[in-house]
Amino acid sequence: MKSKEQIRLIVGLIILAGIFFVFFGGETAENSGGGVVTVSRGDLPITLTERGTLTTRNATRIRSEVRGRRRIEWMVDEGSQVKEGDLIVELEKTEVQKRIDQLENELIAEETSLFSARNDRKIQEDRNKTNLEKAQLGLEVAQVELEKLRQGDIPRRERELSLAIERAQSELDRSEGLWKDMPTMLDKGFVTSDQFEQERIKLKERREALVTANQNKNLYDSYEKPLSVKQKDSSVSQAARALEMETRAAEKSLANIDLKVSQYERRVGETQEELDREKDNLSKMSVYSTASGIVFYGNPDRPWDRDEVRVGGDTYFNHVLLTIPDPSEMAVLIKIHEADIDKVKVGMAAEIRSDVNKTRIYNGEVTKIDSVANAGDRRWGDRVRRFSVEIQLRGSDLSLKPGTSAEVVINTGNLENVLHVPIQAVYAESGSFHCYVMTTGKPEKRSVQVGRSNESYLEITEGLSEGEKVLLYKPDQAESSTEEKPAVGTTAAILPGSNP
C-alpha cells in the first residue's frame, strides 16, 4: 500500500501528463489508433526535474576596498572578456583628492607647530638650567655665609669683645693705682690741681669704658649673635625654597610645553594616518582585475542587489562589484522536496538546460546534498521542507551566466524489464488507481497497482499484462459532450494535498 504522500505525488504527475497530452499529445493518440495504447514491457528511465539557479563554484569576486560610500564613475561592459591586470572599475575621485589636498595643508601647518613647540622646549630647557644654577648658587652662598658666621665671625667678635673688656679693666686698674697717690702728690706739690682733675676724669672714663665693654659683650651675646645666626639661617632657608620653586617651575614649564608637543605630535600622527588612508583609498579607486575571464555585474549569490552595481550608483567597502566566474567550475543549485530527496544520490547524472540558451543541453552530476532541510516560508503558508542540492556541470567552456535560472533533469535510476503505460492512461479515484482496458470491443475499468514513474510513463506492478490495450481517456468523456467533464487523464483525480 502506497503512502498518501506517494499517491499525491503520482497523481500530480498524472495531472501534468494529462495536461501535456491535451495540448501536445495529438500525434501520440493518432499513432496509437485513436487514444489506445498497448501495455509494453521494457526499460523505464526514472528522472526528477527541478528548476534552480546557476552559480560558480570557483569565482573571482571583485570587491570595493575603499572605505565609505563611493560613486561608480566607470565600469567595463558586462560580458566583456578581461585579462588579469586590466582596469575594470573607476570610482569617483574628486572628493577624495580634495580631502588629500586639505590634509596635506593641515599636515604642513601641524608639522610647523610641532617644530616650533620642540624649539620652545629646547629654549625652556636652557632657561631652566640657568635659573636652577643661579638658585643653586644662591643656596650655596647662603650656606657658606652661615658657616662663616658660625666658624669665623662669631668667634672673632667674641674675642674682640673679651679683649676690650680686659683692656678696659687693665687701664682702670692702672688709673685707680695712680689715683690713690694723687691726693698726697697734690699736697706735696708734685702735681697741679689741673693734673689732679684730669686724672680724676680719666679714672671715671676708665670705669665707664669697662662698663661699656661689659655691656657690649652682653649685648652681642644676647642680641647680635643670635640675630645674625637667625638671619643667615633664614637666608639659607629662603635660598633652598627658591631652588625648590625654580625646580617646580622648570618642571611645570617643561610639562606645559611637553603637552603642546604631545598634542601636535598626536595631530600630526592622526593627520598623517588619515592622509595615508585617503591616499590608499585613492589608489584603490582604480580597480584592476585579479583574474582573466568574462565579467558579470554584482554577486550571483545576491541577485537582488545587482541593480545597485551600475555607473552612477553607489558602492561601499567590501561590496561585490564584479564577478569573474571560472567557466570550468559552474554549478546549479536546486531545492528538492523532502518526499523526493531519498531518490537523489551524489554522483547521479543530470542534464541542464539554461533559460538563457534553451537549445543547448549541458551534462552534469550531483556533487552535494545538504543533510538538513530548509523550512518553507511560513509567512506565505509554505510549510514544505526542501533540501538544497548542488549539480556540477561538466566541461571547460560552459559560457553560462551565474545568477540565471536553469532546468535540471536528474537521472535517479533505470527500471529494467517492467510493464509501463503512459501516465495519462492511469486515473486516481477514491485512493486507488484504475485503467480502462479494451476487452471484446469495449472498455473495462480495472484496478491497477503502480510503481515508479518518469515524466511520461508509469510502472504497472499489478492489474495489467503485456500486450493489453488501454485507453488514454475515460470513456464517459468521449460519450458525453453536453456534460461538463474534467480534462483527459484527470477524471476523479486526487489533487496534491487533498485526502484520498
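The values are calculated or read from the model by the stated rules, or taken from the named source; none is laboratory data. Computed from a predicted structure; not experimentally measured. With ideal geometry, Cβ positions are generated from the backbone for all residues, glycine too; neighbour counts draw on all protein chains shown.
Being out of contact with any helix residue (DSSP H, G or I) (no Cβ under 6 Å at 6 or more places or on another chain) and surrounded by 17 or more Cβ atoms within 10 Å (Cβ to Cβ) holds for only one residue in Val236, Val211, Val229, Val287, and it is Val287. Beta carbons closer than 6 Å, at least 6 apart along the sequence or on distinct chains, pair a first residue in region 362-380 that is closer than 17 Å to Val408 by Cβ with a second that is of a type in the set (Ser, Thr, Tyr) and at pLDDT 90 or above for Asp370/Ser388.
Only residues that are surrounded by 14 or more Cβ atoms within 10 Å (Cβ to Cβ) and either in the same structural domain as Ser292 (by TED's automatic domain parsing) or aliphatic (A, V, I, L, M) (or both) were counted across region 330-363, and they come to 13. Residue count for region 449-471, restricted to those that are more than 19 Å from Ser432 (Cβ to Cβ) and among the hydrophobic types (A, V, I, L, M, F, W, C): 0.
Residue under question is Asp305, and the condition is that it be surrounded by fewer than 19 Cβ atoms within 10 Å (Cβ to Cβ), of a type in the set (D, E, K, R), not in a strand (DSSP E or B) and not assigned by TED's automatic domain parsing to the domain that holds Glu111; does it hold? It is true that Asp305 is surrounded by fewer than 19 Cβ atoms within 10 Å (Cβ to Cβ), of a type in the set (D, E, K, R), not in a strand (DSSP E or B) and not assigned by TED's automatic domain parsing to the domain that holds Glu111. Being under 30 Å from Leu149 (Cα atoms), aliphatic (A, V, I, L, M) and part of a helix (DSSP H, G or I): is that true of Leu210 here? Criteria met by Leu210.
For a quick check of your reading: which strands (runs of 3 or more DSSP E) sit entirely within region 1-118 and have at least 1 residues that are modelled with pLDDT of 90 or more and within 30 Å of Leu419 (Cα to Cα)? Even if it seems obvious, please write down each step before you answer.
Numbers: elements: 36-38, 40-56, 59-63, 70-75, 87-91.
Filter on region 1-118 gives 36-38, 40-56.
Tell me whether region 154-169 contains one or more residues that are part of a loop (DSSP other than H, G, I, E, B) and surrounded by 16 or more Cβ atoms within 10 Å (Cβ to Cβ). Looking for residues that are part of a loop (DSSP other than H, G, I, E, B) and surrounded by 16 or more Cβ atoms within 10 Å (Cβ to Cβ), one finds none in region 154-169, hence no.
Condition check: over 14 Å from Glu65 (Cα atoms) and surrounded by fewer than 13 Cβ atoms within 10 Å (Cβ to Cβ). Does Val261 satisfy that?
Working: over 14 Å from Glu65 (Cα atoms): yes; surrounded by fewer than 13 Cβ atoms within 10 Å (Cβ to Cβ): no.
Considered against the rule, which asks whether it is over 14 Å from Glu65 (Cα atoms) and surrounded by fewer than 13 Cβ atoms within 10 Å (Cβ to Cβ), Val261 comes out as no.
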